[in-house]
Every structure is written in structure tokens, then in C-alpha cells.
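Data block below; observations after.
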Amino acid sequence: MVRVKHRYLLVDILYPEPFSSSSISASATKSRAQENQLRIHSPTSDALTPSLLAKMVRDEVAEMFGDWGVGRLGGVGAGGVSVKYLSPATSTAIIRCPRASYRLVWTALTFMSRVPDLKDNGRTLKRGEQATLTRPCVFRVVRVSGTIRKAEEEVVRRARREIVRLRGMVEVDILSGLVGGLEKIERRQDSGVDDNYMDVDVDSEGD
């Protein structure tokens, strides 16, 4: 019996919405970087279900490659593309597809640019109704593996790395604030400013 081989695509859903401010002060650069990191990796709406994501991929393949592309995926009703894992909180998905056609799925994901908006979370979809794709996004394939176990391990590894990166940004901001406060105190001591004034200023720095 012939074994049907698959590929598992680990996908990140990113939201790189540009900000309009043209000039950023040097003091706000680190906080701006942290905000951008959180914004790009922001959660996805619960309206994006595994079945909806699989349908979006199949529709994009059909639009780009026609009946030939749908046939390469195994046909309309064969279920050649399926979403094995979808986390709206981390905007991460694992998509299974035939090994011979994973590049078609990868290409389709590259051209997909919309997902349901977060504002539709509280709305209950009626039977047969499809969620409105209004939120701009980017689908980024970060790993292609032959087993789902390798893809799951990569999900855990990347989640840990993002947590460490964000914690590092927070610690750097805290340390820079402390060092900046100490430098101000030293400068005021050298200039002969009263100690009580410095204490009040330190409290305001903490706020």
C-alpha cells in the first residue's frame, strides 16, 4: 500500500501596520520598539477558525492556479489542505498539505492578506455565513517539516524566544530608567542642589 506523504507548514500571522508619526524622540525609541513587537505579533480574531483558514488557502490556490492547482491538492472535497493547529492568541497555525504541492500552498499564503477583524469577536455567525475579511495581515511561513512533531517543537521554541526577547526589552527599559535617574542625582549633587529636592525628583522618576 502506498503511503501518502504530507508536509506541515508552520505559519505566523503578522500585523505590520505602519505608524503615522514621522519623528520619534531618542527616549521613546526602546518603548516604540517594544510596542511594535507586540503589535506585529498581536492576537487574531476567534472568527478565524481552522476550517475557514483551510478554505481560504484552497480558494487562493484555485484563484491563482485554477483547476490544475485544486487537482494538485487532491480535489475540492478530498481535504488535501487541513489546519492541524491554530492559536488565535499567538497568531500561529500548522497547515498540512500533500508533499508534492506544498509550494502551491506556500505561494497562496504569500498572497493572502486579510483575516477577520478583532471587532467581530462578539458577533455570532449565522449558518452558512462567512466572516468578513477586513484586517490587513501577512502570512509568513517559518518552517516546513515532514512531521507535525517537528512543527510543534518549533512553535514552542519560537514562543519561548519571543517571551525572552520581550522580557529583555522590559529589563533594558527598567535598567536605563534607573541608571538615568542615578546620573541625574549625581549631576545635581555636583551642582549643589538640595537633597530634599532630589528625593522628590526620584519619586517622580519612578512614577
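Computed quantities for the displayed model
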item	result
In segment 131-175, residue modelled with the lowest pLDDT [restricted to those that are assigned to a loop (DSSP other than H, G, I, E, B) and either of a type in the set (Ser, Thr, Tyr) or within 19 Å of SER87 (Cα to Cα) (or both)]	ALA131
Residue check, LYS84 at pLDDT 80 or above, touching a strand residue (DSSP E or B) at 6+ places or on another chain (Cβ under 8 Å) and more than 24 Å from VAL115 (Cβ to Cβ)	no
Every pair of residues 6+ apart whose Cβ atoms lie under 7 Å, when the first sits in segment 84-95 and is within 15 Å of ARG157 (Cα to Cα) while the second is among the small types (Gly, Ala, Ser) and crowded, with 22+ Cβ neighbours inside 10 Å	ILE94/ALA151
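The values are calculated or read from the model by the stated rules, or taken from the named source; none is laboratory data. It should be emphasised that the depicted structure is a prediction, and the values quoted were computed from it without experimental measurement. Please note: Cβ atoms are built from the backbone with ideal geometry, for glycine as well, and neighbour counts cover all protein chains shown.
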